[in-house]
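A quick write-up on the structure given underneath.
The values are calculated or read from the model by the stated rules, or taken from the named source; none is laboratory data. Note that the structure is predicted; figures quoted are calculated from it, not measured. Neighbour counts run over all protein chains shown; Cβ positions are idealised from the backbone, glycine included. Just the protein is used for accessible areas: all its heavy atoms, side chains included, with ligands, DNA and RNA removed. Shrake-Rupley method; radii C 1.70, N 1.55, O 1.52, S 1.80 Å.
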Amino acid sequence: MRFDTVIIGGGLAGLTAGITLQEAGRKTVIVSAGQNALHFFSGTFESTEAERERITEFFVRAGIPVHFQDGQRLMPAGTFRPAALSLEDVTLFPQTPVSSKALIVNFSGFHDFFTAFLAEGLEKNGTTCRICTLDLPEMEHLRLSPSEMRSVNIARVMDSCWEKAVADIRVMHKDEDLILLPQVFGLKDASIPGKILAALPARAAFIGTMPPSVPGIRTQMQLKRRYEILGGTFLMGDEVTSAAIHDGVVSSITTRNLDTSRIFGEYFILASGGYFSKGLAATPVQVVEPLFRLDVAFEEDRNGWYRQDFFADQPYMDFGVKTDADLHAVKDGQPLKNLFAVGSILGGTRPDFGSAAGLALRTAFAAADAITTSKPQE
Amino acid sequence: MTLQEYTASAHNFEECMKCTICTAYCPVVPVNPRYPGPKQAGPDGERLRLKDPYFFNKALKYCLNCKRCEVVCPSGVKVADIIQAARIKYDRSKPKIRDRMLAGTDFMGTLARPFAPIVNGMTGLGATKAVLDATLAIDRHRTFPKYSAHGFEGWLKRHAREQAKFERQVAYFHGCYVNYNFPQLGKDLVKVLNALGVGVQLLEGEKCCGVAMISNGMTREATRHAQHNVSVLQKAVDKGLTVVTTSSTCTFTIRDEYPELLKVDNAGVRDALVLATRYIYQALESGAATLRFREDYHARIAYHTPCHLEKLGWGLFSQELLKMIPGVEFILLDSNCCGIAGTYGFKKENYEASQAIGKPLFDQVEAVNPDFIACDCETCKWQLEMSTGYTVKHPISILAEALA
Ligand SMILES: Cc1cc2nc3c(=O)[nH]c(=O)nc-3n(C[C@H](O)[C@H](O)[C@H](O)COP(=O)(O)OP(=O)(O)OC[C@H]3O[C@@H](n4cnc5c(N)ncnc54)[C@H](O)[C@@H]3O)c2cc1C
Ligand code: SF4
Ligand code: SF4
């Protein structure tokens with residue numbers, strides 16, 4: 001089987017590269033061993049402004065409204081973090097403290113939204129909080145299996161009866177100038193969160209829950225659908241097991257499911273993620289990229305991998321695959337001519353492209369651009 | 001041997017990192033709250049069951065064995081295998097008569113075929129359906145697959161001589177459905193393979209792959225079928241034959257469920273068994289053969305990927321073949337279980353859940369309004385035809401009708 005570009009990994013980076021190439025009329029395939037870090041994504045990309053227009057338009061074409069706006073994101077533990085680019089249903093606050101009185105609403109029996117933490121954090125910033133729980137008859141059947149009273153299950157129910165939740169909240173609401181809800185709305189229908197914000201009697205915000213993330217799954221589903229509508233081939237649940245490299249050029253890969261049927265490509269994009277997705281793997285003595293055995297930038301002294309303070313930035317998060325200026329992956333000191341590395345497999349090695357989800361987007365654009373603008377190879 | 005090898009469990013439940021992604025994609029969780037979901041039923045429950053079988057939960061029977069949890073798991077946990085293996089190991093309840101009947105596709109077919117016109121008439125009648133519903137709890141909404149009076153095996157035997165004339169040969173594992181219910185699919189396959197210059201022969205006495213027996217708790221019978229089939233397949237492999245199939249579920253069962261669930265060693269035959277769409281795609285790709293299509297063929301086709309084909313990862317071969325036909329407008333339907341899951345949806349207690357699972361798919365078909373649906377699975381076909389009113393054709397049959 002032959003494609004113009006073969007993409008390894010179907011997370012934000014792989015899908016962004018795939019969509020961009022399909023939009024440019026290229027024939028691509030994405031091979032992805034299971035789902036990805038978008039399922040933990042809370043709706044805020046990192047905070048740089050670069051490529052604002054391109055990113056916004058990219059998401060709008062996929063039916064995913066986003067906004068750029070300098071502000072503070074309210075985190076699940078009641079702290080604030082600066083943000084710029086977010087999904088539209090993420091409320092950004094211009095300054096702290098955000099309000100004088102807040103109403104925190106949870107669903108009764110939902111343990112993945114920590115209302116007490118949230119209240120504690122907010123009260124430190126001078127906001128008085130009141131916590132209420134919602135009991136809807138539509139949610140009763142979920143309780144038959146309390147172990148699975150999870151964000152996604154609630155979101156499925158809410159997709160059809162969010163209006164009832166809004167009506168109940170209106171009754172609960174007194175004089176608070178802020179209403180906080182768990183992020184469990186709009187699993188399939190991206191327009192619901194916006195409608196809720198508009199229907200509530202005060203300014204409101206959705207606060208992240210324990211994974212999986214409802215807006216993250218929604219974003220993943222919309223991007224995958226967009227990719228397939230554009231004619232891309234998505235092989236979900238398959239894993240790239242080996243690659244053939246000759247003279248610094250990757251010619252083909254094999255996968256677990258297609259075993260003897262090799263996938264050939266002119267270009268390859270490695271978007272296999274960080275440690276979580278097994279794009280990078282740590283052994284007792286080194287950090288490796290398991291598939292191509294690419295060169296990885298990491299600290300030789302293992303004691304330097306971690307900091308004792310759990311909440312500090314951890315050095316190992318900055319380790320990543322080495323690339324040249326154009327994101328060609330480096331193996332044995334030499335850049336491979338047709339293999340690009342994008343997304344969180346780069347760790348912190350390319351601060352010029354931003355961090356986290358922003359890094360995934362911008363490196364994916366850059367690799368796709370390099371492919372569409374370069375001449376066909378021999 | 002490393003420490004990891006000592007501690008590894010059968011289906012690697014300890015690799016689970018508790019992300020609940022599997023539960024988010026399980027089709028049963030949203031429609032049946034009594035089902036604990038793949039994470040709880042699989043890796044979490046396994047931990048408890050290993051301590052004490054008391055923790056085995058009967059609700060595991062609600063699992064469709066669709067394998068969607070495994071397809072999405074980022075850690076490669078064999079979630080559905082854990083669940084099915086637990087049912088085999090701990091469930092001591094005897095399968096009901098109804099379940100034995102539904103599972104015995106081979107047996108029912110052998111019995112019913114000589115009387116096909118009568119049986120078809122009977123199972124189609126409202127009164128018979130009401131009786132089945134009341135006595136056996138087979139849901140009255142279901143249409144039984146028609147039994148064909150002339151089996152595929154007999155037909156191919158009659159054409160054996162002309163098939164033998166082809167220089168290149170494959171063996172065909174046709175499965176119960178082609179033999180008893182829909183011989184035309186087998187004939188379509190022969191037509192397409194012949195056009196590629198390949199002759200088709202039968203295996204030396206295949207049996208039902210046993211998928212329905214596995215899901216209905218008839219493990220001993222399923223294991224006997226598996227052992228038999230592996231030995232029959234081995235004979236073909238020894239002759240240097242590739243074995244092609246048209247059912248994605250039979251293929252998946254023989255390749256993966258035999259070793260994983262029934263512990264039947266299929267290493268000698270596993271790689272020789274391929275879906276015909278993959279075989280044909282590869283023949284065309286290698287340039288070994290070409291197909292000529294009609295110029296006046298036009299069809300707007302919506303393609304549904306069956307769960308087990310998605311798990312096999314071979315849906316792209318069917319898709320690419322259909323896209324190859326000039327005059328085809330190809331639409332890929334979203335990945336969504338149709339809800340039938342073999343015999344699951346035939347059971348009265350599952351009917352509503354089954355239809356609710358498939359609803360997004362049915363709605364999408366209606367919105368797309370294709371000329372017909374394409375799908376590689378026989379039970380998806382029954383479900384989609386009953387629930388949408390659109391005809392469902394196998395990709396091989398579409399190739400056959402589009403050939404010049
Ligand atoms: C728990 C967690 C939470 C996060 N939350 C946020 C957030 O809220 N905001 C933010 O900006 N960033 C967040 N991030 C950062 C995140 O890394 C990036 O935002 C981005 O999603 C990474 O995308 P990616 O495509 O590079 O990698 P991933 O999303 O990790 O995708 C990699 C994919 O490659 C597949 N893969 C790996 N190896 C193979 C192989 N051999 N063959 C086939 N497929 C393979 C994996 O299965 C996976 O599907 C979070 C990261 C994690 C781990
Ligand atoms: S998806 Fe895999 S890792 Fe996540 S909870 Fe399910 S089994 Fe565990
Ligand atoms: S096999 Fe299907 S029905 Fe069973 S737990 Fe997995 S996803 Fe759910």
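Okay, here's what the table says:
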{"item": "Euclidean distance between Cα centres, the stretch A:321-378 to the stretch B:207-247, Å", "result": "47"}
{"item": "The stretch A:1-108 - percent of accessible surface contributed by carbon and sulfur, probe 1.4 Å", "result": "52"}
{"item": "For the stretch B:305-399, accessible area per residue (1.4 Å probe, heavy atoms of protein chains only), Å²", "result": "31"}
{"item": "Cα long-axis angle, helix A:356-373 against chain A (0 to 90 degrees, to the nearest 10)", "result": "40"}
{"item": "Shielded by partner chains, the stretch B:15-44 residues - at least 40 Å² of accessible area, 1.4 Å probe, vs chain alone", "result": "B:Thr20, B:Ile21, B:Ala24, B:Tyr25, B:Pro30, B:Pro33"}
{"item": "Only Lys, Arg (+1) and Asp, Glu (-1) charged, at Cβ; the stretch A:86-135 dipole about Cα centre in debye", "result": "260"}
{"item": "Summed buried accessible area for A+B [probe radius 1.4 Å, Å², rounded to 100]", "result": "2900"}
{"item": "Accessible area of the stretch B:3-90 divided out per residue, in Å², using a probe of 1.4 angstrom", "result": "42"}
{"item": "Per residue accessible area of chain A, 1.4 Å probe, in Å²", "result": "41"}
{"item": "At least 50 Å² accessible surface lost relative to isolated chain, residues of the stretch A:1-41 (1.4 Å probe)", "result": "A:Met1, A:Gln35"}
{"item": "Accessible-area composition of the stretch A:276-378, carbon plus sulfur, in percent [1.4 Å probe]", "result": "54"}
{"item": "Dipole moment magnitude, nearest 20 debye, the protein assembly as shown about Cα centre, only Lys, Arg, Asp, Glu C-beta charged", "result": "2640"}
{"item": "Flagged links, alpha-carbon separation over 27 Å, of B:Lys89/B:Lys347; B:Lys67/B:Lys347; A:Lys331/B:Lys18", "result": "A:Lys331/B:Lys18"}
{"item": "Area of B:Cys176 that stays accessible when all protein chains are in place (1.4 Å probe, Å², to 10)", "result": "20"}
{"item": "Cα-based equivalent ellipsoid, the protein assembly as shown: semi-axes from gyration tensor eigenvalues, Å", "result": "45, 33, 25"}
{"item": "Solvent-accessible area, 1.4 Å probe, carbon plus sulfur percent, for the stretch B:163-286", "result": "49"}
{"item": "Ranking by accessible area, most exposed first, for A:Arg262, B:Arg49, A:Arg61 with a 1.4 Å probe", "result": "A:Arg61, A:Arg262, B:Arg49"}
{"item": "Alpha carbon centroid spacing (whole Å) that separates the stretch A:18-88 from the stretch B:310-371", "result": "30"}
{"item": "Alpha carbon convex hull of the stretch A:67-211, projected area averaged over orientations, nm²", "result": "7.9"}
